[in-house]
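Have a look at the structure below before the remarks.
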Amino acid sequence: MTDQALTMVLRRDRSVVLASLLVLALLSWSYLFWFSGNMALLHADGGMAVAGMAPDFQDWSALHFLTMFLMWAVMMVGMMTPSVAPMILLYAQVARSAPRERKVFAPAAWFVAGYLLAWSLFALIATTGQWALEGLALLNPNLASKSGIFGGLLLIAAGIYQWTPFKQACLAQCRSPLLFIQQNGGFQARGPASLGLGLLHGTFCIGCCWALMALLFVGGVMNFAWVALLMVLVLLEKIVPRGVVLARGAGLLMILAGGAMLAMRQLPFHWPAPG
């Protein structure tokens, strides 16, 4: 294959991968919008009851747990696909050009599968957390915190985590795709090994972003403006030149917001209701 032909193939592959990731993200968000509009229907299995249009939480059934797990898994795909795109594009490009140097690398699909597997495991943890929080009556039907104390403490905890060395170490792995691959065995020839590399990268991303994902319980898991804001923050932390500074700045804002929420709980009066 000539250099010009290889360049054209790589450009085509790049377009195909980007289009595939875009479709995956759009399908995920479409499902979430559909799910949000049909949450009240979950009462049919006994997981929720309907009072008017607002669901009233009850004991979870196995089917309800599975339904919520699917929701969390799809949400993680929709939120994390944009930020992992540079890594996937790099992997796909190297895998395509490898035969030119008489090397064979596993298709990028193996790496993507490992990455999504990591976030699916996180979705399982998030579903269990939602189950526990509903049992403690800490969530409203929008899956947002009903407790100013709980919400404030969660914001402060997430803000503090943004400043920890562990957060910075995980973020560094996410910000440098090529360095990550070089430090963890390089591009893999076998599918299972590539799957493991994707799983490892996903684990680093979870280490970087789990506290931000926990903030979904503050603004509301079904509040898509809040979900989109967190998705953009995750993306910017990974791609802007001073992502570490951005992460710490966002953490400071979280601490201040959490402190304000806690302070409001101590005031001897309540703000008047609108209207």
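The values are calculated or read from the model by the stated rules, or taken from the named source; none is laboratory data. Because the structure is predicted, anything quoted here is derived from the model rather than measured. For neighbour counting, all protein chains shown are included, and Cβ atoms are generated from backbone atoms with ideal geometry for every residue, glycine included. Please note that ligands, DNA and RNA were not included when accessible areas were found on the heavy atoms of the full protein model with its side chains. Shrake-Rupley method; radii C 1.70, N 1.55, O 1.52, S 1.80 Å.
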Residue set 260, 211, 247, 225; condition of a type in the set (Gly, Ala, Ser), in contact (Cβ under 8 Å) with a residue 24 or more places away in the chain and open to solvent by 30 Å² or more (accessible area, probe 1.4 Å); output residue 260
Could you please let me know if residue 176 is of a type outside the set (A, V, I, L, M) and more than 16 Å from the chain's Cα centre (by Cα)? yes
Considering only residues that are among the aliphatic types (A, V, I, L, M) and in a loop (DSSP other than H, G, I, E, B), which ones fall in segment 213-240? 215, 221, 222, 240
Answer residue from segment 106-134, given it is open to solvent by 50 Å² or more (accessible area, probe 1.4 Å) and at pLDDT below 90 and is farthest from residue 174 (Cα to Cα) among those: 107
If only one of 189, 169 is closer than 20 Å to residue 115 by Cα, of a type in the set (A, V, I, L, M, F, W, C), surrounded by fewer than 18 Cβ atoms within 10 Å (Cβ to Cβ) and within 19 Å of the chain's Cα centre (by Cα), which one is it? 169
